[in-house]
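A.B. asks: My questions all concern the structure below.
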Amino acid sequence: MVAPNRFPFPFTVGHSAADPPQMNKIRLIVNADDLGRGPAMDRGIFRAFRQGIVTSASLLANGTSFAEAAREARAQVLPVGIHLNLAEGRSLTGEIRGLTSSGGFPGKAETRRRLATGRVDSQALCSELIAQIGRLFDAGLSPDHFDTHQHTFLFPEAARAVLQAARHFGIAAARLPLPVEPATETPEGPLGEELALYRRLAPPAAKALQTAGVATPDGLWGMAYLNRLDEPALAGILNTLAPGTWELMVHPGGGCPADSFATRERETEVAALTSPDIRELVGQRQIQLIHFGELACAS
């Protein structure tokens, strides 16, 4: 059984009662992050695409399993975007003054601190992002959107470079890192602190995307459900969706003791995303599943 509507939804973003009838539809991009991070994560993502409701994925150009993931994405005709990464792993272009060290990117917290100082070499930063996007094209993929690992786009120093790199390749769609879940659903602890940061930084980031003419969904679901998106939670989100075009960020994967991201919680997401009851609920609510490449056609 699927869960009833769990969220009070007080508004509809971007639409009004005067909208024409065709606008009173629910369109949903279900995007899996971290493709290319490792074989266990990749297996879960591809399964959730083949057997479930995942419609696209974001690929890490500097991920350890990038080459294998890119080949499989081509084989399965999985729509992909670029998961621009300034937080973890090694850069593709060498040192970025003010950001990287000999060990590569410094991790989420330190990356954010360094970006906030405004003393990162902006030209080197943009060159790295161009190299990451270019690696997807070199692998025979055409990314249909961009987003950023650990939501670094929310920081103006990164946003400027990301938009410049995306413009270089003509990528015209992106994630809008604006949490849709009401604050009452915010968990306590580190995740709650993260969501408070996202809500504070999202409005200027959204304005930057709009000013640049980048197409985005109306908002982002799933930020409040990191590592806890089971079937009842997913059903609650689907039951809550109002008319509009939305993105649901998910992290399906498989268990792997060597990878802190490949946890049992990721396997739980695969089970939720491939559940027959969830697929039935999508049909019952007449939710149109789309990918970022269809975003212009959904507006």
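The values are calculated or read from the model by the stated rules, or taken from the named source; none is laboratory data. Treat the numbers as computed from the prediction; the structure is a model and nothing was measured. Cβ sites come from the backbone with ideal geometry, for glycine too, and all protein chains shown count toward neighbours.
A.B. asks: Going through segment 75-125 one residue at a time, which ones are touching a residue at least 40 places away in the same chain (Cβ under 8 Å), part of a helix (DSSP H, G or I) and crowded, with 16+ Cβ neighbours inside 10 Å?
C.D. replies: Result: K108, T111, R112, L115.
A.B. asks: Please indicate, with yes or no, whether at least one residue in segment 200-223 is within 17 Å of the chain's Cα centre (by Cα), in a helix (DSSP H, G or I), of a type in the set (G, A, S) and closer than 17 Å to T268 by Cβ.
C.D. replies: Checking segment 200-223: not a single residue is within 17 Å of the chain's Cα centre (by Cα), in a helix (DSSP H, G or I), of a type in the set (G, A, S) and closer than 17 Å to T268 by Cβ.
A.B. asks: Being in contact with a Phe, Trp or Tyr (Cβ under 8 Å, 6 or more places away or on another chain) and either in a helix (DSSP H, G or I) or closer than 20 Å to N31 by Cβ (or both) is the requirement here; does A131 meet it?
C.D. replies: Numbers: in contact with a Phe, Trp or Tyr (Cβ under 8 Å, 6 or more places away or on another chain): no; either in a helix (DSSP H, G or I) or closer than 20 Å to N31 by Cβ (or both): yes.
It is false that A131 is in contact with a Phe, Trp or Tyr (Cβ under 8 Å, 6 or more places away or on another chain) and either in a helix (DSSP H, G or I) or closer than 20 Å to N31 by Cβ (or both).
A.B. asks: Name the residue, out of A271, A258, A196, A242, that is surrounded by fewer than 19 Cβ atoms within 10 Å (Cβ to Cβ), modelled with pLDDT under 95 and farther than 25 Å from R112 by Cα.
C.D. replies: It is A258.
A.B. asks: Which of the residues belonging to segment 164-199 are part of a helix (DSSP H, G or I), under 21 Å from K108 (Cβ atoms) and over 15 Å from the mean Cα position of the chain (by Cα)?
C.D. replies: Selection gives A165, P190, L191, G192, E193, E194, A196, L197, R199.
A.B. asks: List pairs: first in segment 189-216 and over 21 Å from F292 (Cα atoms), second exposed (fewer than 14 other Cβ atoms within 10 Å of the Cβ) and among the charged types (D, E, K, R), Cβ under 6 Å, 6+ apart or cross-chain?
C.D. replies: Nothing qualifies.
A.B. asks: Picking from F146, F137, F155, which residue would you name as being aromatic (F, W, Y) and over 17 Å from G36 (Cβ atoms)?
C.D. replies: F155
A.B. asks: Any residue at all in segment 143-159 that is over 24 Å from L248 (Cβ atoms) and buried (at least 23 other Cβ atoms within 10 Å of the Cβ)?
C.D. replies: no
A.B. asks: Among the residues of segment 44-64, which ones are farther than 30 Å from A242 by Cα and surrounded by fewer than 18 Cβ atoms within 10 Å (Cβ to Cβ)?
C.D. replies: Within segment 44-64, T64 is the sole residue that qualifies.
A.B. asks: Looking only at segment 45-67, count every residue that is over 16 Å from the mean Cα position of the chain (by Cα) and touching a residue at least 60 places away in the same chain (Cβ under 8 Å) and tell me the total.
C.D. replies: Final tally of qualifying residues: 6.
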